[in-house]
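Structure record follows, encoded as structure tokens.
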Amino acid sequence: MRYLLITALIILSISSSTIAQFSYTGKIEIAYMRFEYHPIRVDPGPGWKGYNLNDNGIYINSIHGLSNPNKKLFAGLGLGYLNFKGIHGVSVFADFEYLPLKTRITPILNFKIGYDRIWNQYDGGTGTKLAEFGLGVNYRLSNQYALYLKSGVLFTQQSALLPFTLGLRF
């Protein structure tokens with residue numbers, strides 16, 4: 001019993017010191033989303049009022065999470081506002097990011113997964129899963145602030161879009 005208690009205390013102290021090394025990181029993003037195509041083809045039937053999206057749009061995201069001590073890995077949760085030429089919506093997602101280099105200018109690998117709801121031509125709007133894969137470049141302004149520019153592909157609302165994102169990390 002004594003060895004079990006000592007082992008539990010050692011594991012607890014190691015895990016709490018590891019968690020303490022992670023730091024809060026926030027991000028603000030704005031993006032222009034260019035509509036590309038509908039990867040899902042629908043055979044129109046009764047009650048079908050058209051595809052959920054057919055146009056370009058913008059999003060504004062606020063993302064908050066944790067970075068590891070060397071600031072190469074980030075994991076956070078985000079909340080976003082969507083606007084597709086009058087069709088408004090919100091998104092909630094998990095955001096994962098990897099910066100492979102510690103230099104002032106470094107590439108970015110980004111992945112988002114979540115859910116969004118837009119108020120379109122359907123009663124109550126439509127809600128679907130979202131997945132975004134992105135690549136870009138990060139420019140570190142100081143130890144606390146960085147600007148980044150990225151693009152990739154976003155799948156949501158039966159549509160594939162190309163987001164061009166400008167962001168500030170703090």
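The values are calculated or read from the model by the stated rules, or taken from the named source; none is laboratory data. All values derive from a computational prediction rather than experimental measurement. Cβ atoms come from the backbone with ideal geometry, glycine included; neighbour counts cover every protein chain shown.
The table below lists the values:
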item	result
Matching residues in region 129-165 - criterion: being of a type in the set (V, I, T) and crowded, with 16+ Cβ neighbours inside 10 Å	T156, T165
Yes/no for K71 being within 30 Å of Y51 (Cβ to Cβ) and charged (D, E, K, R)	no
Pair list, Cβ under 9 Å, 6 or more apart: region 151-165 residue under 16 Å from N83 (Cβ atoms) and among the charged types (D, E, K, R), other residue at pLDDT 95 or above and surrounded by fewer than 22 Cβ atoms within 10 Å (Cβ to Cβ)	none
Elements of type strands (runs of 3 or more DSSP E) contained in region 1-114, each with 2 or more residues being β-branched (V, I, T) and modelled with pLDDT of 90 or more	23-37, 57-67, 87-98
Number of the exception - R104 against (1) touching a residue at least 24 places away in the same chain (Cβ under 8 Å); (2) more than 20 Å from L141 (Cβ to Cβ); (3) surrounded by fewer than 14 Cβ atoms within 10 Å (Cβ to Cβ)	(2)
Where a residue in region 39-65 is within 17 Å of V92 (Cβ to Cβ) and its partner, wherever it lies, is surrounded by 11 or more Cβ atoms within 10 Å (Cβ to Cβ) and of a type in the set (D, E), with Cβ under 6 Å and at least six apart	N61/E29; I63/D95
Pick from region 41-65, criterion among the β-branched types (V, I, T) and under 25 Å from F96 (Cβ atoms), ranking: surrounded by the most Cβ atoms within 10 Å (Cβ to Cβ)	I63
Per-region count, region 69-80, residues surrounded by fewer than 14 Cβ atoms within 10 Å (Cβ to Cβ) and over 12 Å from the mean Cα position of the chain (by Cα)	2
Number of positions in region 81-97 that are over 18 Å from F164 (Cα atoms), loosely packed, with under 14 Cβ neighbours inside 10 Å and either over 9 Å from the mean Cα position of the chain (by Cα) or not aliphatic (A, V, I, L, M) (or both)	1
Condition broken by D123, with the remaining ones in (1) modelled with pLDDT under 95; (2) loosely packed, with under 14 Cβ neighbours inside 10 Å; (3) in contact with an Asp or Glu (Cβ under 8 Å, 6 or more places away or on another chain) satisfied	(3)
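Conditions (1) more than 20 Å from G50 (Cβ to Cβ); (2) assigned to a strand (DSSP E or B); (3) of a type in the set (G, A, S); (4) in contact with a Gly (Cβ under 8 Å, 6 or more places away or on another chain), marked per residue:
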{"position": "R117", "(1), (2), (3), (4)": "no, yes, no, yes"}
{"position": "Y122", "(1), (2), (3), (4)": "no, no, no, no"}
{"position": "G127", "(1), (2), (3), (4)": "no, yes, yes, no"}
{"position": "S151", "(1), (2), (3), (4)": "yes, yes, yes, yes"}
{"position": "P163", "(1), (2), (3), (4)": "yes, yes, no, yes"}
